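Encoded as structure tokens, the structure appears first; notes follow it.
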Amino acid sequence: MDYTPFISNLEANAEKYGERTAYEAYREDHWEKISWTQFLEHISRMASAVLDLNLGEKDFVAVYSPNCPEWTEIDYGCMAAKAVTVAVHATCSQEAVRQIFTETLPKLTFVGNAELADLLFATVPKLEHVVIIEGEHPKCQKLADFLNVAIRSDWNSRVPDTKPEDLWTIVYTSGTTGEVRGAMLTHGNIVCQILRHRNRLPDITDQDRSFCMLPLSHIFERGWSAIQYAWGMTYYYCKPSPEIIRFLPYAAPSVICVVPRILEKIYMGINEKFATRSKAMRNLVNKCIDIGCQYQQTIIEGKTPGLWLKLRNKVADKLVFSKVRHVFGSRIKHLVVGSASLTTKVHEFFRACGIFINNGYGLTETTATISSTPLGRSVPGMVGLPMDGVEIRLGEGNEIQVKGDNVMLGYYNKPEATKDVFTEDGFFRTGDVGCFAENGYLCITDRIKDLIRTSTGKYVAPQYLESRLALSPLVEQAAIVGEGRSWVGALLVPNFNKLIEYAKQIGLSFTNKEDLAVCPEIISFVKKNIDELLGDVAKHERIQRIALLTHPFTIQSGELTPTLKLRRKVISEHYRDFIAAMDAFEASRPLEPAVQSSAG
């Protein structure tokens, strides 16, 4: 690998692009533009302030904040000073926050706002130096005051001495079990990812734009942000919000990193809009989607679409596809999808609309990407080809195992856990089950620990069923259960707006959503819907029992990871009474569980 320190790359870009916009941030109802010159000045001032505290090589600096441009500037300023950033998810449980700070003992902490500062001090009373990014707090130094230093002439003198094996960051990951471990990632890890993505995204240039959608505290978005800055693109930041999608038309990004649930929500919203149109219009939309699927499949097969197909696709694009793309902004080219499986139906819909679905696969421990989809060759259910220089093999039980210079050094202060995840010949055990298709693409079938074995000896892949259930308009969230049982069940967080509509249609009397959750007519209605949705699955995979929950699975409750994966162990514990109640009923009878909050 040709290694050039990442900060040296940014310095070169600042000199090359000067007053061109490096990023825009949405603040107080307007977009603020920051040039490349200003961006480098912010980084250099951050590095100077860190060095003024006599911090530097191997000293830990924690960042506990929602997304904001300062998150990135802190990260890069620490890189320049050779300090080590410790990423703390803004939605971490207090227990996880306590563990992270107890293990790493950071000498400097950046906290996003007063609310997080209150949580931090309540959880970790003894902290050396805390700087608040937005607002103020009596126990914190304001960011502006922290940065009120002279830019040191020696701030970048350490950069040329940065080696690939030097520690860049510690990113804590809990996986799906709830166990918190800090993956140690190096400067070389991120540089190799920057270089390798160049071949996979040949159509992306410094004229393109990217939008910060996922948490920067997670390696998926953070790794991509480094890639796009290294390539001289323009980045767009705004505060995390359910309404974040409304900013996309202004930003008009070329590339967005997303998790499947975001696309599933957008897909369902678009379908609901189309459903309000006349039958003739709905038929036209469906016909357009069929044409788009045929057009894209022809290209994937290496063929040239005929003139008639081109003409029909052009008309379909004007009538339907262009309107779908406008949801993401007029320039969208890539939706980079990771973290979980995207259903075939959703994949084909957006692909038909002319958006390249770049399915990829990676973990925190591998600095994100292990495999990704070559341009124009997107296949539903597959996560592309291995990245150049990354060796992937299938071990015992078809576990995906990886070796390459993108793989972490190990888990911080956890030698036994580190030993457990590496084979004797140095491959990292991902814990994911997979296979290779005839075209060489990697397919993820499930997590080893997530596979459910029923009492009949049959194995059920819960993620597959959950991804299918996500397409039901009645289901917001789903968790499949049934380990060791003779049945397969589902804990469902329903769309209560839809249930209320149905209850009114059938004249059902109710006071609140708790009444609906235990109503036999409602349970039967939902069960019938998911039976129809999963009518094609194998007999042993069919969902026989359901429970309707009145509270969603959340990151704060520990039931979801920061990238919205289910923590099955936590969910099973929180809803053990529901699961026990499923045991008490015959498979053919509707379940009437006692109402229970998601906090268990």
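The values are calculated or read from the model by the stated rules, or taken from the named source; none is laboratory data. Every value quoted in this text rests on a predicted model; they were computed, and no experiment measured them. FYI the Cβ positions are ideal-geometry reconstructions off the backbone, even for glycines, and counts take in every protein chain you see. Just the protein is used for accessible areas: all its heavy atoms, side chains included, with ligands, DNA and RNA removed. Shrake-Rupley method; radii C 1.70, N 1.55, O 1.52, S 1.80 Å.
Between the beta carbons of K310 and S8, assuming R0 = 45 Å, the FRET efficiency works out to 0.45 to the nearest 0.05. Dipole orientation for segment 205-287: of the candidates N286, L214, S225, N286 has the Cα lying most toward the positive pole (charges on Cβ; Lys, Arg +1; Asp, Glu -1). With the simple model of a label 7 Å out from the Cα in the direction of the Cβ, L409 to A584 spans 5.3 nm.
Residue ranges 251-259, 47-55 sort as 251-259, 47-55 when ordered by packing (mean number of other C-beta atoms within 10 Å per residue, highest first).
Shape analysis of segment 280-435 based on the Cα gyration tensor places the equivalent ellipsoid semi-axes at 40, 15, 13 Å, largest first.
Quick one: of K265/K345; K323/K527; K82/K239, which pairs are farther than 24 Å apart, Cα to Cα? Pairs exceeding 24 Å: K323/K527; K82/K239.
Using the Cβ-Cβ distance between E396 and N439 with R0 = 30 Å, the FRET efficiency computed as 1/(1 + (r/R0)^6) comes to roughly 0.75.
When only Cα pairs below 8 angstrom with a gap of at least 6 residues are kept, segment 110-236 shows a relative contact order of 15 percent.
Each peptide in 327-336, 135-144, 32-41 receives the mean, over its residues, of other Cβ atoms within 10 Å, and ordering these scores from highest gives 327-336, 32-41, 135-144.
Peptides 440-446, 419-425, ordered by how many other C-beta atoms sit within 10 Å of their residues on average, highest first, read 440-446, 419-425.
Charging the Cβ of each Asp and Glu at -1 and of each Lys and Arg at +1, and nothing else, the dipole of segment 369-479 about its Cα centre rounds to 260 debye. Within the shell of other residues whose beta carbon sits under 13 angstrom from the beta carbon of E41, the net charge comes to -2, with Lys and Arg scored +1 and Asp and Glu -1. A straight chain from D206 to N497 at 0.36 nm per residue would run longer than the Cα-Cα distance by 100.4 nm. Taking the 0 to 90 degree range and rounding to the nearest ten, how far is the long axis of helix 307-316 tilted relative to the main principal axis of the chain, both from C-alpha atoms? Helix 307-316 sits at roughly 90 degrees to that axis. With protein chains left intact and a 1.4 Å probe, residues in segment 425-493 average 38 Å² of accessible area per residue. Only one of the listed values, (i) 109, 62, 52; (ii) 73, 62, 53; (iii) 106, 66, 49, was derived from the coordinates as Cα extents along the principal axes in Å; which label is it? Of the labelled values, this structure produces (ii). On the basis of the beta-carbon distance and an R0 of 41 Å, E532 and K239 show a calculated FRET efficiency of 0.55. Against the longest alpha carbon principal axis of the chain, how many degrees, from 0 to 90 and to the nearest 10, is the axis of helix 496-505 turned? Result, in degrees: 20.
Charging the Cβ of each Asp and Glu at -1 and of each Lys and Arg at +1, and nothing else, the dipole of the chain about its Cα centre rounds to 2120 debye. Counting only protein heavy atoms and a probe of 1.4 Å, the accessible surface of the chain is 51% carbon and sulfur. The angle between the Cα long axis of helix 94-104 and the main principal axis of the chain comes to about 30°, on a 0 to 90 degree scale. Value of Rg to Rh for segment 121-228, rounded to two decimals, is 1.02; Kirkwood radius and Rg both from alpha-carbon coordinates. With contacts taken as Cα pairs under 8 Å at a separation of at least 6 residues, the chain carries a relative contact order of 11 percent. How many Å² of accessible area per residue for segment 21-151, probe 1.4 Å? That works out to 40 Å² for each residue.
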